[in-house]
1. Considering chain B as a Gaussian network with a 10 Å cut-off on Cα pairs, which listed residue, B:Asp275, B:Asp243, B:Asp17, attains the greatest mean-square fluctuation?
2. Could you calculate the contour length gain from B:Ala27 to B:Glu227, that is, 0.36 nm times the residue separation minus the distance between their Cα atoms, to one decimal place in nm?
3. Given the convex hull of the Cα atoms of the protein assembly as shown, what is a quarter of its surface area in nm²?
4. Run down the lysines and flag those whose C-alpha is under 17 Å from the C-alpha of B:Lys120, throwing out any fewer than 8 positions away in its chain.
5. To the nearest Å, what is the center-to-center distance of region A:105-166 and region B:111-179, using C-alpha atoms only?
6. Short version: ³J(HN,Hα) in whole Hz for each residue of region A:114-131, in order, from phi by Karplus 6.51 cos²θ - 1.76 cosθ + 1.60 (θ = phi - 60°), x for Gly and Pro, what are they?
7. Tell me the mean residue ellipticity at 222 nm calculated for chain B from its helices only (DSSP H runs of n ≥ 4, each -39500 (n - 2.57), averaged over every residue, nearest 500).
8. Can you give me the relative contact order of region B:170-321 as a percent, contacts being Cα pairs under 8 Å and 6 or more apart?
Amino acid sequence: MMMMMATGQEEKIETPPTFDYSAETAGETMSRRLFMGGMIGVFGAVMAAVAAGPLLSYLWPPKSTAIKIDKLVLGKVAEFPAGTSKNFKFGSIPALFIHSPDGSMHAFNATCSHLGCTVQYQQAKNNIYCACHGGTYDPATGNVVAGPPPEGLHKLLASVEAGEIVIRPEKAGAKA
Amino acid sequence: MAFETFKKMNLLKFGYDWLNQRVPLEAAIKFATKKEVPVHKHSIWYYMGGICMLFVVLQLVTGLLLMVHYVPSYEGAYQSVMAINNKIPFGWLIRSMHSWGANLFIAILVIHMFSTYFMKAYRSPRELTWFSGLGLIGLAMVFGFTGYLLPMDEMAFFATKVGVDVAGEAPFIGELVANFVRGGEEVGQATMNRFFLIHVCALPAALMGALGLHLLLIQIHGISEPEYFKKLSIKKYEKFFPDFIMNDMFVWGGVTLLFLAIVCLNPWPLGPTIDPSAPAPIGIKPEWYFLSQFQVLKLMPSQFLFFEGAHVAMAIIGAAASTMVLIPFLDTGKNPTISKLATIWGVVFLIALGVLTYMGLQV
Ligand code: HEM
Ligand code: FES
């Protein structure tokens, strides 16, 4: 066949004799054609389902290894005078440390409860601000002051030990 | 073919005949000369689709050129874009053309979409043309979103982070989808790989398919005529080939010149590099074509009736978008009241988009 086409010779294709399906299947509830069509459909669906599993698991991101820590030394107290702040990573959690103008120290999981942006401390306004949609939190409690966030920030513990600022999860071992 | 006969023909005719014996060239030309474009006071909008096509070509060519020097890595992308901007001869031009082109492309798409909307070109038999068009503008927006990350400057990083997090807020499957898109729980190398391959491989392929369908359908149906034009006793037409195509070329030339002027006078900037533990920068904003959606999220209070504000915002955005999908079924042209309502809704939609985008631009 291929060779004949290559030499340019025409070949008359014989059409198979056609059956009158309606006559042949008269009285039956399902025609042969419908059955074959259905089978092909089912077969196709099964093949697609079989292929989908491996494909999805190939594309699926590998389990990320969240780094959990119990303690982090942020630095010497002298590096963070009252009124300053620092964004840092507590394990894999974005975190925020604030040394308030009144001298108290606070630390939070810096993930905004609205849509998960990382928040920052605004010294001039003494608040915690989320630049994404303008969410504002209280810098001492982490409670929502304004904007769209539905709940406050999760707290971390900030303490001074031997002249160094130490950050811990609020309850030892608890998820921050 | 004998050499003697070949000598007798001129080369052009030979080429034409050779092709014509193998593909229906004559039929295609006949089709193009028979095709007519109505001439009326709204005819200018018929050129918008052609301008979209110009931008498709510009984006493909400049994108291909950028890929010669761009490095799709979390660590190296920023450096490579810096080099394209500063070191590689005419790199700044190619990059500016691609970035400006992406934005102007979407702007023209919006104009094309609303001009066909107001001309009611979505009505039968052109529903599929309209849907393929919606698919195309959707693809263009995904192009924009995935492309925005690639330079890996500060805004790119945070806009992507926020954009994907928004998807993560969708009820039930949101978090799964977000992780899938990011390739993990945070924006990183896996995200870059996914965005890069979507941007340079999957989307162009999908665009070609959708655009092919769009253009095929337009050939099948011919250009639509506004209602008032259909009722005129004397209608003016021009031939698609060569008249309309000729005008098209003038439009393409003019737009290209204007485009180059914009690009050269305002080369596209590159922001500072990223610090993943830094907070979202003040003034963070998505690209302008996502601003209206962004603004709805921003305006929504934390609680709305019994629902979380962010969910209500997403529902509003989804409902508004779906009116554009449903419009060919709602306004079929048989009911003049509905037709008028569709026009009013289009105006409201456009004004809302404009006002929200303007609000979004104000920090
Ligand atoms: C890659 C993007 C696109 C390209 C290259 C493109 C191209 C074209 C071209 C060349 C035409 C014929 C001339 C004209 O009426 O302007 C056309 C017509 C049309 N387009 Fe698009 N288009 C795109 C996206 C869209 C979008 C986003 C929509 C709307 C959702 C849309 C809806 C239509 C409709 C309904 C027509 C028929 C107009 C008529 O018959 O009067 N297209 N398009
Ligand atoms: S993510 Fe913080 S206000 Fe929206």
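1. Its mean-square fluctuation being the largest, the pick is B:Asp17.
2. The B:Ala27-B:Glu227 span can extend by a further 68.9 nm.
3. 40.0 nm²
4. Candidates past the 8-residue exclusion: B:Lys41, B:Lys230, B:Lys231, B:Lys334, B:Lys340.
5. 32 Å
6. So the J values, rounded to whole Hz, are 6, 10, x, 6, 8, 8, 9, 8, 9, 4, 4, 9, 6, 9, 9, 10, 10, 6.
7. -22500 deg cm²/dmol
8. RCO, region B:170-321: 14 percent.
Every read-out reported here was derived from the displayed coordinates using simple, explicitly stated rules and does not represent laboratory data. Since this is a predicted model, take the numbers as computed values, not measurements. Virtual Cβ from ideal backbone geometry, glycine too; neighbours counted across all protein chains shown.
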